[in-house]
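Taking it in order: structure first as structure tokens, then the write-up.
The values are calculated or read from the model by the stated rules, or taken from the named source; none is laboratory data. As the structure is a computational prediction, the values presented were derived from the model and not from experiment. No Cβ is skipped: glycine too gets one built from the backbone with ideal geometry, and neighbour counts run over all protein chains shown. In case anyone asks, the SASA skips ligands and DNA or RNA and just uses the protein heavy atoms, side chains included. Shrake-Rupley method; radii C 1.70, N 1.55, O 1.52, S 1.80 Å.
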Amino acid sequence: MHHSEIRNSSTVFTTLETGSGDPVLFLHGFPDNHKTFAPIMEQIGKSGFHCIAPVMRGYEPSTISHAHKLHVVDLVDDILGWMEDRRWDSVHLVGHNWGAVIAFAAGMYYPNRIKSITSLGVPLLRTYQDSLLWAPQQTIHSWYVILFQIPFLAELTIRSNGFALVDFLWKDWSPGYTPNQDHLAEIKANFQNPGILSSALAYYRNLNDLFTESGRESILGILDSQITVPTQILYGLNDGCFHKNLFEHLLDETDFPRGFRKIGFDHAGHFLQWEKREEVTKLILEWLQKNK
């Protein structure tokens, strides 16, 4: 395992890398960092794959961008830029939380460049009405999304009491799991850097942006498209971020015509890469090998 860099045009991103072979991009979410995948990457890297976990845009000082450059389509463009930098014709994507949202979008927009997708803890959400029908509890689960829309107040709330909200989200989203305190300390320390926290929150603040072209493209593309890439979705039945009904009832195989499987884990929540590491590693590796 080593640290390196990957470029998108003039922007340099820090990465964690291991192994050789077909490239697999591991995309992290919030509140987290790219090291969340390190143990899984170690194992998969020994099985004939080149594992790369970039620090996502806005999560390090060198990639802080204007909020209007942090739409889903912009983050997908980062993937294409990384592929051009490394001269990869195609890649596999493994995403958790926001990383999964970006992986889904990449599969929708550029299916010929993506060999497979593995989503950890995030369903494909195409209609808000269906979400309310099958999982009305999700409105309560998503309280933080409303908070994150409010500039200054959200940042102040997250920073208060030593970033206690970061601890709360990990425990709320993965009930019964005790997070690695060193890992959480790194996440909090990074959010203390000027501009990082606001950049991370911009992912949420751009969710309903209909006023910019990239915002509209992000929303309409996700609502209107199938994912014609082999896709597996792994989820915890006790996930406090996304209710299990969103996985159990809303995932339609017709939305994934090139292949689909979903697997739920009992006694597990949102951070599956920590809670069910061995099982998740095995399933990711199976999916990668099946879709090489």
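Remarks
- Candidate set from the range 262-292 (those that are among the charged types (D, E, K, R) and surrounded by fewer than 16 Cβ atoms within 10 Å (Cβ to Cβ)); member that is nearest to I114 (Cα to Cα): K292
- Which numbered condition G19 fails, given (1) open to solvent by 10 Å² or more (accessible area, probe 1.4 Å); (2) of a type in the set (G, A, S); (3) touching a residue at least 24 places away in the same chain (Cβ under 8 Å); (4) on the phi < 0 side of the Ramachandran plot: (4)
- Matching entry among L25, L70 (being of a type in the set (A, V, I, L, M) and modelled with pLDDT of 95 or more): L25
- The residue of the range 247-258 that is farthest from Q226 (Cα to Cα), among those that are surrounded by fewer than 17 Cβ atoms within 10 Å (Cβ to Cβ) and at pLDDT 90 or above, is R258.
- Pick from the range 124-136, criterion surrounded by 14 or more Cβ atoms within 10 Å (Cβ to Cβ) and outside any helix (DSSP H, G or I), ranking: modelled with the lowest pLDDT: A135
- Qualifying residue in the range 30-47 (condition: closer than 28 Å to N193 by Cα, among the acidic types (D, E) and open to solvent by 10 Å² or more (accessible area, probe 1.4 Å)): no
- Filter result (of a type in the set (V, I, T), free of Cβ contacts under 8 Å to residues at least 60 places away in the same chain and part of a strand (DSSP E or B)) within the range 22-57: I52
- Top-ranked residue in the range 1-16 [being part of a loop (DSSP other than H, G, I, E, B) and free of Cβ contacts under 8 Å to residues at least 60 places away in the same chain; ranked as surrounded by the fewest Cβ atoms within 10 Å (Cβ to Cβ)]: S10
- Per this entry, A53 is counted among residues that are open to solvent by less than 20 Å² (accessible area, probe 1.4 Å), within 15 Å of G29 (Cβ to Cβ) and at pLDDT 95 or above.
- L93 vs. criteria under 25 Å from Q232 (Cα atoms) and either at pLDDT below 95 or touching a Leu at 6+ places or on another chain (Cβ under 6 Å) (or both): yes
- The range 259-270 residues that are under 12 Å from F242 (Cα atoms), paired with ones that are of a type outside the set (G, A, S) and open to solvent by less than 30 Å² (accessible area, probe 1.4 Å) (beta carbon under 6 Å, 6 or more apart): G269/W173; G269/D239; H270/W173; H270/D239; H270/C241
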